[in-house]
Every structure is written in structure tokens, then in C-alpha cells.
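Structure record follows, encoded as C-alpha cells.
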Amino acid sequence: MDIAYESRKTLDAILNELDFSEIPARRRKAFEKRLEQHFPALFNQLLTLYGNHYDAWLHMRRLVETLARHQVKKHHAGLHSGDAPWYLGEDQVGMAVYVDLFGGDLKGLIERIPYLESLGITYLHLMPLYDAPKENSDGGYAVSDYRKVDPKLGTNKQLKALADALHKRGIRMVLDFVFNHTSDEHAWAKAALTGDRRYQDFYYLLDEPEARAYDATLREIFPTVRRGSFTYNETVGKWVWTTFNSFQWDLNYSNPDVFVSVVDEMLHLVAMGADVLRLDALAFVWKELGTVCESLPKAHSLIQTFNLCLRIAAPHVHFKSEAIVHPDQVNEYIGLDECELSYNPLMMALMWESLATRRTELLNASLEKSFAIPEGTTWVNYIRCHDDIGWTWDDAISGRLGINGQDHRYFLNQFYTGRFSGSFANGVPFQENPSNGDCRVCGTLASLAGVEQAEASGDPELLEHALRRVKLLNGIVLSMPGLPLLYQGDDLGALNDHSYLQDPGKAEDSRWVHRKALTEADFTAAATKGTPQHRIAADMAAMIQLRKSHEVFAAQAFELLRSENPHIFAFLRRTGPETLLVIANFSEHPARTGLDLAAIPGIDAARDLLSSDTTGLGSLQELEPYALHWFHLQSA
């Protein structure tokens, strides 16, 4: 098939039938130019996904009509940035928050903007805020209505006001795009339950033999909660595909009607002011019998097709990948044609692994294999998030280091839930399997790093070590290539909150231990000199300002330095005349650098940005416990 010819013929036919006159002239001209540019690729992807459908052309026409309809009203078109993508800048620092836990509601969150601005936040990720069932909401990820804000948080008008207020202060807004599934209370699911054939085809409603055939090759996501990936629904007498929870119905993207309908929902989020959309559970969106139904080739085609829709309708908006899968598969979603930003779960997990073991071999070896990504894209580096910690790494790499992956994960679970002798952590197990001890770990940054335990012990040395661990992790995230993302409360040194155990709706989900409702007391503690929280907050604020003050933190050139000492993590970043050397000691004991620092040109003229020390850096041989250095070198 001559794709160029067929796409041109198809677009001409669509344009002959559609009327763009409602779009203001200037926006219409720009839209038509983008449509002409990207339609051949869009046509090709739609053929890949839906070419076997007799009515594919009708869905293409409806899709273009949907993209055009978004142009009628004027929407936020993105904050001004230079030639390079804004997300690569040294001035970018993100934070993820729950609206209710951080500000009470949307109005309260607007009142928190001065704090965000003072800290230096330029990227604010709002955890799911859409209408969801009061019960069975999965923290907002079971969406009942993408077009309606959860009433307890506010209204659509208030969300738009928040977006406008953020944009005026140079802060981009990030929203979740929960596109793998809906709540069973979504209007589409309710229509399916009434027998509406169109909406029954929006989901997978299967007879038992077909459901069993699919289920035979699928991975169970929450095996301690329920078995299999299907839930029997008595109303329709069918088995519903429910990958995550029985109340979250997976959408059937083999149906083009679903794709076009979800694009319409996506563009509503854009109209609300979103600059970035986080693609939730993107590895699961395409299903094929006889496969694991994760990270299939057509999942990538589907995401690329969504991306092309954005390039046509809202080119300032970017995708962020949330793929908590094998590191090789995480990297497959990253690209200018797919997700320009991606969470870095590998680095997150292995920084915690290095703190527990005091060794950095697995971190170094894993980053050497998986850290490089396409030019123009970026990692979103983080220490904690709203979710649990899963110990994701490539077992082939750990095996070469003599580490048994299964046993090591068991050790890490024991260590971070405080069950390993000598552990500093106060974590909580999530989805623990009592038969084999398998689980994931929850907790705030401060509690997992030892602050909670040290405060309880009253031992000043333990507290000093804990605070240094927090600074070390924050300092690495803020200095590695990528966009650093803080999680609400970690900037304030918040500790675990066990009050969720008194709430029957939350007691079975230990992730609520770090989903703390922040109060004025938390902000006051962080502002009160002499408290551990003040030390954490002050260190964080100082490092953010240093990052924003030096262009080298935007450098794409990156080199891991392999030390002879297994406790040391070090790397170089370079841009123009500037070089940044970062060295960290992951041990509570003094450690030799194991690096030939004198061989680095200009090292004796370097200044440690974190201490302003300029003496004898070239001869530095030993690091203090949990030391972190940002050495800044500038050639003539």
C-alpha cells in the first residue's frame, strides 16, 4: 500500500466533509498545518491498530472532528520556553501532591502556591482528582467521570482557576490520564450493564472459557487480594476483565470507538490546563490471547497514536510514562513519538537498595545498562511517590554480581519493614504474601531513611546519620540528569502517619501510611530551627536554589565514575565550560573515594557547591559518613 497516497486521499475526503469554520482563523490555519504534517503518521498507526475494521474510515473522520473541536475555544497553549524542551532545564523541579492532603481542596491548594513558588517548584503533579466512587476508588484511579472534579475537592471551574494561577507563576500542571480502565460506575460501564451493545464493546465482557483462556497467561497484580484478572458480573452474566481491582474495568482498545472516545476525554484534561499527562498503567492497555498482555507492540502503537493526536490538537502537552515493569520495557516507552518524560523506578529502587547494603555495585551496573535514553527526552527522578516501593531491577545484572534476585528482594523487604537486625527503617509492608514473605514497601522518605527511629531512640548520632541519608538521596535526585520530582511532605520531613488504620476504607491499604494530610503543624515544624524537619527542609531548599543557579544541571553529557570502593557513587556532568562532579558515600563509616580525582582537569580549582569549600579537592581521599559533594569546575 502507498501510505502517503492513501493518507492524502483519506484526509482530503475527511476535509471535504468537515466544517472548520467555527475555529477562529488564526487557530484554524495553525491546526490545519499540524494536521497536514502529522496525519500520514496518524493514518499509518490507525491502520496498524484498526485496519481490519470495516468502519475504520468513519472512526478516522470522527477522530479528526474531535481534534478540530478542541480548537474552537481558546485554551492554554503552554508556557514560553527556549529552543530546548522546557523539561530539560536546570530550573525545573517537580512535586506530586494530593489536592486534599496538601491543600484541603482546590481553593486551599491555590493558597499553597506561594509556598511552592518559594521552594522553586515549576511542575506540579496533581494526583487523581476526578469523580470516583466513595468506596472502591483506588485512591482516585477508579474514575467515574473524567470531566468532573471530585465534589469534595471542588469544581471544574476551580480546577481551571488553579491551572491559571499556576501558569501565572511559571508552574506547569500535570494531571493523570487513567486510560487503561474506568470505574464500574462510569457512564460507559453503567450503559454496558443495561445491555447497550455499543458500550458493552467498550470493555471485555467474556464467557468463562474465553476468560480462562486469556487468564492462563496473565500475571496476577494483587494475588493476595484476589486471584486472576477477571471478575464475574451477575447482571450481564459475563466475566469482566479487571486487571487491578474488581471495580476497575479494563477498556477494550481493539475497538476504535473506544480510542476516539478516550481521545475526547484526554482533550478535556488538556482544556482544563494540563501541560503534562501521566499515562497510568500504560503497559497493560493492549490485550492479545496467548500473551502476558503487557508491553505488547500494539501498546506502543496505541500510545504513539495518542501522542500524534496531541501533536495535532495540543502540541504543548507531553506524556509521562508510568511503567513499573522490567527496566528494558520501561525504556521502550521513552521517545519523542511516545512518552517524552518517564518515571525512573529503577534508580529509585536501587538508591534504597544501596542505602540498605551500603554498596553501589548494583546501582552502577544497572544505570550503565539502562540510564541512556533518546535525545530530547528525560527521566523523572524520584525517591518516593504516592505508591509503594517495588524492587525492580534486571536479575541478569544482579546475577552477574553474585546476587540472587529473589533472596535479595526478601532481604530488602525485611530491612525496610524494620524486621532485619540493625535496620534504620520504619517502613510498612504492602500486599504481603504470608506464605513467602513477598511484599512491597511503604513509608515516607524520612521514616524509611531512619529519622523516625532515630528520634524515638534519642541517639544524636543515629539522627545525624538519618538526616544525612535524606540529604544524600535528595542531592542525588537533584543532580542527576532528569527532572527531579519531590513527593508531598518529604520536603517537610514528614514521618509515617498510621491514622489510616482507624479508617475502615483505608486500613487494608498500607500506602496510606505515607499519604498524610499535611497540616500547619507540619509546615511549622519545618520552619522551626533545631527540628529534624527544619534541617531536611533547609537542605532541600538550598539544593534546589543551587540547581537552578547553574546551567550544568541541565547538561545532557553524563558519565558514571566507577570507584574501587563499593560504597561510593560518583558521576560527571558537562556542558560548555562547566563540569559537575558528584560524589556520595552510601556508608555510615568514613570511606576512601577510590577515584583518581587529580586526573580530572581543573579539580583543584573546583568548589563544593554544598559547602563552598575550595581547599584541597584534588587531594581529597576520604569521605565522611553519608557525605555528599557537588564539585563545580569551570574552565577558562
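The values are calculated or read from the model by the stated rules, or taken from the named source; none is laboratory data. Keep in mind it's a predicted model, so treat the numbers as computed, not measured. For neighbour counting, all protein chains shown are included, and Cβ atoms are generated from backbone atoms with ideal geometry for every residue, glycine included. With ligands, DNA and RNA removed, areas are computed over all heavy atoms of the protein, side chains included. Shrake-Rupley method; radii C 1.70, N 1.55, O 1.52, S 1.80 Å.
Residues whose amide H falls under 5 Å from that of F430, counting only those 5 or more places apart or on a different chain, are R440, V441, C442, with hydrogens built in the peptide plane. Can you give me the % of accessible surface on the chain that is carbon or sulfur? Probe 1.4 Å, all protein chains present, nothing else counted. Carbon with sulfur: 50 percent of the solvent-accessible area.
Filter the cross-link list K74/K298; K298/K369; K29/K148 down to pairs whose alpha-carbon distance in this structure exceeds 29 Å.
The answer is K74/K298; K29/K148.
Largest accessible area first, the residues H589, H514, H498, H80 order themselves as H80, H589, H498, H514 under a 1.4 Å probe with ligands, DNA and RNA left out.
Value of Rg to Rh for the chain, rounded to two decimals, is 0.97; Kirkwood radius and Rg both from alpha-carbon coordinates. Residues whose amide H falls under 5 Å from that of F179, counting only those 5 or more places apart or on a different chain, are D280, with hydrogens built in the peptide plane. The solvent-accessible area of E464, taken with every protein chain present and a 1.4 Å probe, is close to 60 Å². Angle of helix 3-17 to the longest C-alpha principal axis of the chain, folded into 0 to 90 degrees and rounded to 10: 60°.
Each Lys or Arg adds one and each Asp or Glu subtracts one; over the other residues with Cβ under 13 Å from the Cβ of N474, this totals +3.
Which length gain, in nm to one decimal place, applies between Q37 and T235 when the Cα-Cα distance is subtracted from 0.36 nm times their residue separation?
66.6 nm
Rounded to whole numbers, the Karplus 3J(HN,Hα) couplings from phi for the stretch 523-539 are 5, 5, 4, 5, 9, 9, 4, x, 8, x, 5, 5, 4, 5, 5, 5, 4 Hz, using 6.51 cos²θ - 1.76 cosθ + 1.60 with θ = phi - 60°, and x at Gly and Pro. Couplings 3J(HN,Hα) for the stretch 170-175, derived from phi with the Karplus relation 6.51 cos²θ - 1.76 cosθ + 1.60 (θ = phi - 60°), are x, 10, 7, 9, 10, 10 Hz, where x marks Gly and Pro.
Report, in degrees rounded to the nearest 10, the 0 to 90 angle that the Cα long axis of helix 256-271 makes with the longest principal axis of the chain. The helix 256-271 is inclined about 50 degrees to the chain. Solvent-accessible surface of the chain, averaged per residue with a 1.4 angstrom probe and all protein chains in place: 40 square angstrom. Once C-alpha pairs closer than 8 Å and six or more residues apart are averaged by separation and normalised to the residue number of the stretch 187-284, the relative contact order reads 23 percent.
Over all other residues within a Cβ to Cβ distance under 12 Å of A526, the charged ones net out to -3, with Lys and Arg as +1 and Asp and Glu as -1. Of the residues F415, V276, A323, the one whose Cα sits farthest toward the positive end of the charge dipole of the chain, with +1 on the Cβ of Lys and Arg and -1 on the Cβ of Asp and Glu, is V276. Using the Karplus relation 6.51 cos²θ - 1.76 cosθ + 1.60 with θ = phi - 60°, the per-residue 3J(HN,Hα) values for the stretch 155-163 come to 10, 4, 4, 6, 5, 5, 5, 4, 4 Hz, with x marking Gly and Pro.
With the simple model of a label 7 Å out from the Cα in the direction of the Cβ, K9 to T194 spans 4.1 nm. Note on I600: accessible area is roughly 20 Å² with a 1.4 Å probe, heavy atoms of protein only.
Helix 25-50 axis versus longest C-alpha principal axis of the chain: approximately 90°, rounded to the nearest ten. Within the same chain, lysines fewer than 8 places from K529 are excluded, and of the rest, those with a Cα less than 18 Å from its Cα are K471.
Kirkwood radius, the stretch 566-636, all distinct C-alpha pairs, inverse of mean reciprocal distance: 12.2 Å. In this rough spin-label picture, where each label sits 7 Å from Cα along the Cβ direction, the S457-T531 distance is 2.3 nm. In percent, rounded to a whole number, the relative contact order of the stretch 55-127 is 32, using alpha-carbon pairs under 8 Å and six or more apart.
Taking amide H atoms as placed 1.01 Å from N in the peptide plane, the amide H of Y130 lies under 5 Å from those of D150, each 5 or more residues away in sequence or on another chain.
Counting only lysines at least 8 places from K238 when in the same chain, those with an alpha carbon closer than 17 Å to its own are K190.
Reported to the nearest whole Å, the Cα centre-to-centre distance from the stretch 215-281 to the stretch 356-432 is 28.
Ellipticity at 222 nm from helices only: DSSP H runs of n ≥ 4 in the chain, each -39500 (n - 2.57), divided by the residue count, give -11500 deg cm²/dmol.
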